[in-house]
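Below is one structure, written out as structure tokens; the observations come after it.
The values are calculated or read from the model by the stated rules, or taken from the named source; none is laboratory data. In this text, all values refer to a predicted model and were calculated from it rather than measured experimentally. For neighbour counting, all protein chains shown are included, and Cβ atoms are generated from backbone atoms with ideal geometry for every residue, glycine included. For accessibility, only protein heavy atoms count, side chains too; no ligands or nucleic acids. Shrake-Rupley method; radii C 1.70, N 1.55, O 1.52, S 1.80 Å.
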Amino acid sequence: MKPSDFPPPFDVSEAVARPTDPEDERIEVGVAIIGAGPAGLACAIRLGQLLEEAPAIAERLGDVPVAVIEKGKQPGSHLLSGAVVNPRALQRLFAGRKRLDELPFYGVVEQESVYFLTRNRAARIPTPPTMKNHGNRVASLSELGRWLAAQAEEAGAMILPETAATNLLVEHGRVRGIRTGDKGRGRDGEELPNFEPGSDVLARVTVLAEGTQGHLTGAAIETFGLAGENPQVWALGVKEVWRVARPLRRVIHTMGWPLRAGAKYREFGGSFIYPMGDELLTLGMVVGLDYRDVELSVHDLLQELKTHPLVRKLLDGGERIAWGAKTIPEGGFLSLPKRLHAPGLLLAGDGPGFVNVPALKGIHYAIETGALAAEAAFAVLQRGEAVGRRGALASYDEAVKQSFVWRDLEQVRNMRQAFGRGFWLGGALAGAMTASHGKFPPGDARTEPDAEQELIRTGRARRYPAPDGKLTFDKLSSVFLSGNKTRDDAPNHLRVQTRVAPELAELWARMCPAQVYEPQDGRVEVTASNCVQCGAITAKGGRLTPPEGGSGPEYTLT
């Protein structure tokens, strides 16, 4: 069987609505940006720069020219990445305004190593050209997000945290804005004493920068027929931050063990270990969600990785201080929407899929596409322009196609798909693609939806190490470290069938890094309050919808 045999009880029409609030109760803004991640905040910052030079346009946009709507407790609360950042887009965004040494980075990458692991050995291999990071910066994306939010506010943006965008408002074929979610409902949807209804937020232009598994992004792609020829596919990343006894002076990536190379497993991924100054390091495991084994658990693979002599030595005498999980769009160039705009709407960042998997990079693409979205929005806000006109925002698509983002992704367009044939053949094909800058093998590969993979069972779970609370940890103690503050009596935001095949129930239980799903007497019990909103369930047969604003993890170092 496969996960798609049990589709979630969700229809995209639930995420799209017309404005319903009386006109005098609607919140009107100039540009509404959904998501305070790198794409959304770059968009807000660039708009602020442009509006500073055009005060007449800013005045026409009203009291709130730019609003950033963020579901997390604060900007950065839901941000997680490796992260080694290519500074190129930040340099363009802050040209003449900020120096790179003013940004919250942990340092410049000067040394790096790539290893192929077996159970007890580590063979250093030449760094693939796509993975070279010399001159890039190590960062916590959560910290960088908070810093960018401060710059956006300084540029004039209003940031609305703890606010979930639950509906895309569409009227007469154009996007009018979004509706925010209700707050203060009980588990069964009843109004509690602190109930606050959601509101219609109307905007001249709406920019969806929701990040991976964006709820409204998916609805917009389906509603406006924007989907490309290939479906999107994802990976799940689980990471930890450690306080260590000895500083790490280089960036490390690994491939091979604990993943299996055989094509029948479809286990694509690897690990990263990055220094965060002298006292901290971060390490994580990333695995493609097209894997087939119901017993595979990325969280437990990370625990297993830490028992390897190479990794154990780095952590010896240290203490785990943070943990988190997030999905990553991996379809690349071939899974991008065929258009990045609709009337009144722009798509930026991870939501539409701007991630370079072979290079392990996406943050600078998010920042660049966010800034380009701002420039396209500003252009249609000129007097005499009809914002809702079909094609009015097409300049954004053209700007993205002329940018380094498009060129980079096109050159590696087939690499992720090649590894569906197994590690060794995939690696050989990836080498040919790198040498030919994407010209060989010719043509475009196809992606297969993660939920369409037939499931197998191999007894993999027997090899996971038992949690000892010092080096290896269970899922619930990890969720605690995420700072998750979701109410136990909040409505369930996870749409799954609860009577499914036993194999799928086990897949969900193993896959989820936060122990949300538990097979029980032929049913799946869902503990939604554990959820850290990583989005993996959407890739494997369920649907993550926006929870109450302010719930979920409160990441600070991830």
Subset of the stretch 336-364 (residues that are among the small types (Gly, Ala, Ser) and open to solvent by less than 10 Å² (accessible area, probe 1.4 Å)): Ala342, Gly344, Ala348, Gly349, Gly353
Can you tell me which residue within the stretch 365-382, out of those that are in contact (Cβ under 8 Å) with a residue 40 or more places away in the chain and open to solvent by 20 Å² or more (accessible area, probe 1.4 Å), is nearest to Glu52 (Cα to Cα)? Phe378
Could you check how many residues of the stretch 477-494 are closer than 17 Å to Thr558 by Cα and open to solvent by less than 20 Å² (accessible area, probe 1.4 Å)? 4
Any idea how many residues of the stretch 135-181 are of a type in the set (A, V, I, L, M, F, W, C) and assigned to a helix (DSSP H, G or I)? 7
If you go through the stretch 261-302 one residue at a time, how many are among the small types (Gly, Ala, Ser) and either touching an Asp or Glu at 6+ places or on another chain (Cβ under 9 Å) or under 17 Å from Trp508 (Cα atoms) (or both)? 4
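Table: residues versus (1) in contact with a Pro (Cβ under 6 Å, 6 or more places away or on another chain); (2) outside any strand (DSSP E or B).
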| residue | (1), (2) |
| --- | --- |
| Thr217 | no, yes |
| Gln232 | yes, yes |
| Val238 | yes, no |
| Pro247 | no, yes |
| Ile252 | no, no |
| Arg260 | no, yes |
| Pro275 | no, no |
| Asp278 | yes, yes |
Just to be sure, is Gln533 touching a helix residue (DSSP H, G or I) at 6+ places or on another chain (Cβ under 7 Å), under 15 Å from Val238 (Cα atoms), assigned to a loop (DSSP other than H, G, I, E, B) and not β-branched (Val, Ile, Thr)? no
Residues that are at pLDDT 70 or above, open to solvent by 10 Å² or more (accessible area, probe 1.4 Å), more than 28 Å from Asp290 (Cα to Cα) and among the charged types (D, E, K, R): does the stretch 399-410 have at least one? yes
For residues in the stretch 321-333 being assigned to a strand (DSSP E or B) and open to solvent by 20 Å² or more (accessible area, probe 1.4 Å), which is farthest from Asp350 (Cα to Cα)? Ile321
Can you find a residue in the stretch 314-327 that is of a type outside the set (Val, Ile, Thr) and within 30 Å of Phe224 (Cα to Cα)? yes
Just one listed residue, out of Glu452, Glu506, is at pLDDT 95 or above, open to solvent by 60 Å² or more (accessible area, probe 1.4 Å), of a type outside the set (Val, Ile, Thr) and farther than 21 Å from Gly270 by Cα, and it is Glu452
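Can you tell me which residues in the stretch 78-88 are among the hydroxyl-bearing types (Ser, Thr, Tyr) and touching a Gly at 6+ places or on another chain (Cβ under 7 Å)?
none
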State the number of residues belonging to the stretch 512-548 that are hydrophobic (A, V, I, L, M, F, W, C), touching a residue at least 40 places away in the same chain (Cβ under 8 Å) and under 27 Å from Gly184 (Cβ atoms). 7
For the stretch 27-35, check the following and say yes or no: at least one residue is in contact with a Gly (Cβ under 7 Å, 6 or more places away or on another chain) and closer than 17 Å to Leu141 by Cα. yes
Six or more apart or on different chains, Cβ atoms under 6 Å: show the pairs whose first residue is in the stretch 108-132 and farther than 15 Å from Val251 by Cα and whose second is open to solvent by less than 50 Å² (accessible area, probe 1.4 Å) and among the small types (Gly, Ala, Ser). Leu117/Gly256
Among (1) in contact with a Gly (Cβ under 7 Å, 6 or more places away or on another chain); (2) surrounded by fewer than 22 Cβ atoms within 10 Å (Cβ to Cβ), Glu110 falls short only on (1)
Quick one: what pairs do we get from the stretch 247-273, first residue in contact (Cβ under 8 Å) with a residue 12 or more places away in the chain, second among the hydroxyl-bearing types (Ser, Thr, Tyr) and assigned to a loop (DSSP other than H, G, I, E, B), C-beta under 6 Å, 6+ apart or different chains? Trp257/Thr118; Arg266/Tyr291; Glu267/Tyr291
Those residues of the stretch 462-476 which are open to solvent by less than 80 Å² (accessible area, probe 1.4 Å) and either among the aromatic types (Phe, Trp, Tyr) or touching a strand residue (DSSP E or B) at 6+ places or on another chain (Cβ under 9 Å) (or both), in sequence order: Tyr464, Leu471, Phe473
If a residue must be under 24 Å from Leu302 (Cβ atoms) and surrounded by fewer than 18 Cβ atoms within 10 Å (Cβ to Cβ), how many such residues does the stretch 215-256 contain? 6
Can you tell me which residue within the stretch 75-90, out of those that are touching a helix residue (DSSP H, G or I) at 6+ places or on another chain (Cβ under 7 Å) and surrounded by fewer than 24 Cβ atoms within 10 Å (Cβ to Cβ), is farthest from Gly237 (Cα to Cα)? Arg88
Scan of the stretch 334-353 for residues that are hydrophobic (A, V, I, L, M, F, W, C) and either within 10 Å of Ile221 (Cα to Cα) or part of a helix (DSSP H, G or I) (or both), ordered by number: Leu334, Leu340, Ala342, Leu347
